[in-house]
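Quick notes on the structure that follows.
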Amino acid sequence: MAYSAMDFNDLKGLDGLSDDLIKNHLTLYQGYVNNTNKLLGIYDRLVSAGQADSLEHQETRRHLGFEFNGMRLHEFYFRNLGGDGNPDQAPDLKRMLGSAYGSLEDWKKRFVSIGMTRGIGWTILYQDSMSGQLMDFWIDEHHIGHPAGCQPILVMDCWEHAYMLDHGLKRADYINAFFRNVNWQACQERVHMELARQAA
């Protein structure tokens, strides 16, 4: 089954994230979708040819995690943009963050500080599927460091392509713009989906 890029063309007129930045970012996302499909095609070809033990097959499988997670994390990221940044639209998530961190603002300070980590990566609020606990993580690249069994709730891209066109090296300005555009309702839906899955 081939993957298709999701349509995020409605992400226009964001506060502090220009249409040109989003257009470039979506082009990069399309590349992850294309490369995921290419690698799956190579994998199928090698298995069909009886070459599952080849170095090409092994490297294809290793690289698939980078391309697939690059595709999927961008989908989480773009889906949690396009809002007005008002966390009151996610009352359950806001309450959970307050309970876990003292207040939404206390959690946000921690999340922002992780987002300022030097280097390329992602800042992600996860929910542990076993305990329900909310946790923030820095994820290097796309495929390294994801906590097993955890659902991404809020995903912030911290690679330079996510902000340099608009903000240069000022990552803090980008993070402020990111929070002005968070679709908190989409984040709360992710929490509810995870809670429903746990209850099933």
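Looking only at residues in the range 90-146 that are under 24 Å from A172 (Cβ atoms) and hydroxyl-bearing (S, T, Y), the one that is farthest from the chain's Cα centre (by Cα) is S103.
Only one entry of D136, D140 meets the criterion of being under 23 Å from F66 (Cα atoms) and either touching a His at 6+ places or on another chain (Cβ under 7 Å) or at pLDDT below 95 (or both), and that entry is D140.
In this structure, does F66 turn out to be closer than 18 Å to W159 by Cβ, assigned by TED's automatic domain parsing to the domain that holds D157 and surrounded by 17 or more Cβ atoms within 10 Å (Cβ to Cβ)? Criteria not met by F66. Restricting attention to the range 1-50, the residues being over 25 Å from N176 (Cβ atoms) and in contact with a helix residue (DSSP H, G or I) (Cβ under 6 Å, 6 or more places away or on another chain) number 12. Just one of the numbered conditions (1) at pLDDT 95 or above; (2) part of a loop (DSSP other than H, G, I, E, B); (3) within 24 Å of H167 (Cα to Cα) is not true of N9: (1).
The values are calculated or read from the model by the stated rules, or taken from the named source; none is laboratory data. Bear in mind that the values here come from a model prediction, so they are computed numbers and not experimental data. Here Cβ is always computed from backbone atoms with ideal geometry, including for glycine, and neighbour counts include all displayed protein chains.
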